[in-house]
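The values are calculated or read from the model by the stated rules, or taken from the named source; none is laboratory data. From a predicted model like this one, the values you see are computed outputs, not experimental measurements. Here the Cβ positions follow ideal geometry from the backbone for every residue, glycine too, while neighbour counts run over all protein chains shown.
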Amino acid sequence: MQKVSRIFQILFKYLLIFFITFIWVRYFIKSLWQAVLISIAITAIINFIMRIITNKKNYYAILKKTEREEAENMFLTLTLNKNALPFYFKLVSSRHSCEKKSNFVLINHSESKVALYPHNSFNPVSPDDIANIINKVKKYNPTKLVIPCFTATKEAFSFAKNFNMEIIILDQYETYQKLFKAYNIFPSITDKYKKDKRLAFKDLAMFSLNKARAKGYFFSAIILVLSSFFVRANLYYCIVASILVVLAIISIYDPFSKNKPKTEIL
């Protein structure tokens, strides 16, 4: 069922791009078959470029604004009060057999071990940080290393791929979604950031540009294009329909939201 849904999403993306291309190609080229062939060629080129641009792993979780604020304040509290390790030990021990080491929690599965090493700093995790952490946990031979942190550099993610040990880096929002929320255990918040009550652009974008609204934009564009055959001001319809299809394409990629985790981290 998931494969069918995935195939449908891919086909829908191709259809959206083809549709907006065909709107403008058809406007300038009167021959229907030529317009279709040219639109298909342009669609293939655009999809190739978009695959290169968007060739990144989407592993972020969908968080509401209140949850993002909680995630930020929880990380702030754990870092300022230096009580991250006891909390993570409590979280892990609720489901797994584990040991608390000096800087990390070692989880003992029947056939493997996982090291959970909190990076208690507001500096992004760097390759040097990963190397230092690996040196501290490697004598226990973990098969997986999980690093909850504030954030990490691109170089850190690339560096983490160079080891046989699986290394998972979780920023403060992923930590909230994939650990705190997944285990239903949350740290008490004693420190908070000053709350900005202004509605951020990202919040408006998340509301307007998401997968749930993509079909609405697309079908509205179809109606406008069909209407353009009966109205003289067809250029106006082409422009508005194009805008609607662009919004549909952006929405189907859901750039302001985050995917739910599919596997258990620990």
Answer yes or no: is there a residue in the stretch 129-141 that is surrounded by fewer than 19 Cβ atoms within 10 Å (Cβ to Cβ) and aliphatic (A, V, I, L, M).
-> yes
Condition check for PHE122: touching a helix residue (DSSP H, G or I) at 6+ places or on another chain (Cβ under 8 Å), touching a residue at least 60 places away in the same chain (Cβ under 8 Å) and at negative phi | no
From the options ILE38, ILE46, ILE29, residue that is modelled with pLDDT of 85 or more and not small (Gly, Ala, Ser) | ILE38
Counting only residues in the stretch 168-222 that are at pLDDT 90 or above and β-branched (Val, Ile, Thr), the one surrounded by the most Cβ atoms within 10 Å (Cβ to Cβ) is identified as THR175
